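Here is the structure we will look at, set down as structure tokens.
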Amino acid sequence: MNIKKIFENNEQWIAEKLALDKDYFMNLSQGQSPDILYIGCSDSRVTAEELMGVQPGDVFVHRNIANMVPNTDLNVQSVINFAVRHLKVKHVVVCGHYYCGGIKAAMQSADLGILNSWLRNIRDVYRLHQDELDAIIDEEERYKRLVELNVQEQCVNVIKTASVQRAYQDRGNEFMVHGWVFDVRTGKLVDLNIDFDNILKNIMKIYRII
């Protein structure tokens, strides 16, 4: 990618927006009130706004390697807190994607330096679901299933936070957490329809804060 081309693209984008609405950027500067917090992967093939077909201002976005929500990461925890408590988003989405490099790396026995601590969170997901995953003979299918299970566990991590528990208590059905997967090979966005009630029924007595 030519860096100069990026600035040319930016000028073209500005012209296109102003041609449709001369006040577009003035209105954009007034503030944000997105309905959705999107937590996704940093992978360059997975662009949140484009795959959802939304515009600037519609979605509050956080991305990291393998769409993780570890309790030790102040970055993602701060994003969740700000989005839920201050922006009052109605939906929190954790979106993984098939053929994720971070998930693949976590499935391999290799010393990857500073990545080791981050990938350990994914390996913990494998440990929690080892019986199911080890029973899958086809390696690619096991890989894809770990992507899905990782999304599920990161959604659970979202629900463990005080700000999200407060939102559920105060807003009821007007607030929801969702687990999605993006299929890079087809372009399709898949709702995993995670049964949180069933998953959380035996553990929320431990993690409930509110």
May I ask you to verify whether Asn193 is closer than 28 Å to His86 by Cβ and either free of Cβ contacts under 8 Å to residues at least 12 places away in the same chain or not in a helix (DSSP H, G or I) (or both)?
no
Please state which one of Asn81, Asn64, Asn9 is under 30 Å from Ile136 (Cβ atoms) and of a type in the set (S, T, N, Q).
Asn64
Of those in the stretch 79-102 that are outside any loop (DSSP other than H, G, I, E, B) and more than 14 Å from the chain's Cα centre (by Cα), the residue farthest from Leu37 (Cα to Cα) is Gly101
Positions within the stretch 1-21 being basic (Lys, Arg) and loosely packed, with under 10 Cβ neighbours inside 10 Å, in sequence order
Lys4, Lys5
Among the listed residues Gly172, Gly179, which satisfies the condition of being part of a helix (DSSP H, G or I) and either surrounded by fewer than 19 Cβ atoms within 10 Å (Cβ to Cβ) or not β-branched (Val, Ile, Thr) (or both)?
Gly172
Failed condition for Ala167, given (1) buried (at least 17 other Cβ atoms within 10 Å of the Cβ); (2) under 21 Å from Val46 (Cβ atoms), with all others met?
(2)
Just the residues that are over 30 Å from His91 (Cβ atoms) and within 28 Å of the chain's Cα centre (by Cα), please, taken from the stretch 10-34.
none
Gln154 being in the same structural domain as Lys188 (by TED's automatic domain parsing), out of contact with any helix residue (DSSP H, G or I) (no Cβ under 7 Å at 6 or more places or on another chain) and touching a residue at least 24 places away in the same chain (Cβ under 8 Å):
yes
State all residues of the stretch 22-38 that are under 14 Å from Leu87 (Cβ atoms), surrounded by 13 or more Cβ atoms within 10 Å (Cβ to Cβ) and of a type outside the set (Asp, Glu); if no residue qualifies, say none.
Pro34, Ile36, Leu37, Tyr38
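Rundown of residues vs (1) free of Cβ contacts under 8 Å to residues at least 12 places away in the same chain; (2) of a type in the set (A, V, I, L, M); (3) touching an Asp or Glu at 6+ places or on another chain (Cβ under 7 Å), yes/no style:
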site: Asp138; (1), (2), (3): yes, no, no
site: Asn150; (1), (2), (3): no, no, no
site: Val177; (1), (2), (3): no, yes, no
site: Trp180; (1), (2), (3): no, no, yes
Can you work out which of the residues in the stretch 1-29 that are at pLDDT 95 or above and assigned to a loop (DSSP other than H, G, I, E, B) is nearest to Ser78 (Cα to Cα)?
Ser29
Scan Leu146, Leu133 and give me the residue that is buried (at least 18 other Cβ atoms within 10 Å of the Cβ), without any contact (Cβ under 8 Å) to a residue 24 or more places away in the chain and under 27 Å from Arg45 (Cβ atoms).
Leu133
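The values are calculated or read from the model by the stated rules, or taken from the named source; none is laboratory data. Not measured: the values here are computed from a predicted model. Neighbour counts are summed over all protein chains in view; Cβ atoms, including those assigned to glycine, are modelled from backbone coordinates with ideal geometry.
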